[in-house]
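Engineer: Let me give you the structure first, and then I'll get to my questions.
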Amino acid sequence: MRISKETLVVLFSIILVVGIDILVFKKLEISIPIEPLLKIGISVQIGSLLNKFIIVLATVSALIFPLFFRSSREGIDYARSDEKYVVGYLCMFILGILVSLFTLVGIIELTDLVFKLSLILFLDCLILLPPFIFIFIRVNILRVMERVRNSILDELDPIPFIRRRVKLEGAKEKINDLKRIILQALSDHNYIALDYGIKRFMEISYEITRKTQTSNGFIKKIIRVFRRTEISTENGNLLVREIMRNFRDLGIACVKDNSDEYARQIGKNMRTIIMNGLDNQKNFEYPNFIPHFEKLGIEAARKHLEEATDEILHSLGQIGDRSIKTMDLQRPPIFAVLKSLQNVGIVCAKEKMAHQCATARTRILGIARLGKQGEQENIFHEALKRFWVVTAYMYTNIPEIEEANYKMEKTLKEEFGNIFVQTIDEAIEMLHIESEWEQERIVKEFKSTFEFLRE
């Protein structure tokens with residue numbers, strides 16, 4: 001097995017410390033003469049040397065340790081073991097200063113042993129200083145992420161028969177800590193660490209979904225007694241929502257940094273989390289997860305990140321398609337998906353992103369067709385209403401769309417019949433109920449302006 005450079009430096013430092021300590025104890029001879037004058041003379045020389053020990057150690061400690069603690073306050077994350085190294089090494093400095101100081105003022109009697117101890121502490125502090133700074137408290141962001149991730153998984157996997165309850169608040173706090181570390185990596189343009197942190201988030205989400213219970217039947221309760229741990233649906237929902245919220249914040253930060261690739265990747269991960277829950281019949285509050293998608297999609301559209309916007313629209317559409325097939329869940333996300341597709345589509349229209357508007361409308365129509373096929377009239381009508389809102393904004397903000405001569409709308413009128421045109425009135429009523437006054441005005445003006453609606 002290959003030994004790293006850091007390990008070699010540490011081993012060399014330890015060997016050097018041990019060698020110096022043995023050399024001082026075995027070879028260094030300091031005798032304190034009995035004659036008072038000579039004794040005073042040597043005491044003065046040793047006192048001057050002890051004074052230099054104090055000055056050097058105090059100066060080094062005053063320069064080094066505040067940097068660490070200030071960095072911690074400013075948001076640089078160190079591993080918990082690094083904090084222990086800081087405390088232990090600081091205690092070593094203080095001990096060296098105190099031994100020299102107490103000997104200097106006469107609290108401790110000056111003997112060979114005391115002087116050798118002071119010298120050993122002084123030399124050990126100086127020898128261990130370089131590896132301490134450059135190895136032990138060096139910010140290794142990947143190692144910190146790994147330890148935070150392991151700590152979160154430990155919170156989700158309590159010791160059986162001793163601590164069976166999941167520490168919800170502790171897990172949520174550490175999830176937020178992990179997000180803060182990833183944001184730090186993004187601000188430093190450390191894309192290796194950014195990618196690594198996103199993967200750790202996904203591992204945590206998989207573990208939460210896997211451990212969240214799917215039913216509360218009698219057999220399930222008996223099995224739960226013998227299992228190591230299982231997260232209640234309520235706690236699992238809170239933890240997944242925290243993951244989604246943090247993914248949203250990370251995605252928006254990537255959008256603002258113009259990191260289209262990572263914003264797109266985060267959109268895929270958010271979709272995977274929801275799809276994983278749907279596939280495994282987890283009764284999460286999915287409608288509360290979807291708005292995080294919406295906010296990320298809106299930010300991506302405003303920054304004209306076309307690929308990220310497309311990814312989010314397609315992901316919402318896929319979630320909508322899948323949720324129609326899992327309507328037996330307590331809170332399926334289908335209606336939240338349709339509203340989010342509408343709102344992202346509106347922003348795309350305002351930003352004159354014609355292709356993304358078309359994607360939003362296509363995804364909404366796909367859900368409408370599935371609803372009609374499955375004889376789910378409420379979904380069918382809801383999808384057509386959201387379609388008209390996006391269409392109204394599209395024709396209002398992108399005039400060149402009229403060149404198509406409403407070919408798509410006429411085709412849809414033939415496909416769906418009179419109900420297709422009638423749902424525009426339902427859309428206006430829906431927007432009035434939702435207090436979306438601007439959207440209601442736009443749809444009304446669209447209805448009164450375009451002749452094909454009255455054909």
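Rule-based calculations on the coordinates, nothing more; no lab input. Because the structure is predicted, anything quoted here is derived from the model rather than measured. When we count neighbours, we look across all protein chains shown, and the Cβ atoms used for this are built from the backbone with ideal geometry, even at glycine.
Engineer: Exceeding 27 Å between C-alpha atoms, which entries from my cross-link table qualify? They are 295/407; 199/339; 325/352; 211/303; 172/211; 179/295.
Structural biologist: Over 27 Å Cα-Cα: 295/407; 199/339; 325/352; 211/303.
Engineer: Above 28 angstrom, tally the Cα pairs of region 141-454 and express them as a % of all pairs, no decimals.
Structural biologist: 46
Engineer: Let me ask you something else. How would you order 417-426, 359-368 from highest to lowest mean count of nearby Cβ atoms within 10 Å?
Structural biologist: Ranked by mean Cβ neighbours within 10 Å, highest first: 359-368, 417-426.
Engineer: Could you run the Karplus curve 6.51 cos²θ - 1.76 cosθ + 1.60 with θ = phi - 60° over region 431-438 and give me ³J(HN,Hα) per residue in whole Hz, x for Gly and Pro?
Structural biologist: 5, 5, 5, 7, 6, 9, 5, 5
Engineer: So who's got an amide H within less than 5 Å of the one on residue 212, skipping anything under 5 residues away but keeping other chains? H placed 1.01 Å off N, in plane.
Structural biologist: Answer set, sorted by chain and number: 231.
Engineer: Right, next: Bins of 10 Å, beginning at zero and ending with the bin holding the largest distance: percent of Cα pairs per bin for region 297-396, please.
Structural biologist: 18, 50, 26, 6
Engineer: Kindly write out, for region 304-318 in residue order, the coupling ³J(HN,Hα) from the Karplus curve 6.51 cos²θ - 1.76 cosθ + 1.60 (θ = phi - 60°), rounded to whole Hz, with x marking Gly and Pro.
Structural biologist: Calculated HN-Hα couplings, in order: 6, 8, 5, 5, 5, 5, 4, 4, 5, 5, 5, 5, 4, x, 5 Hz.
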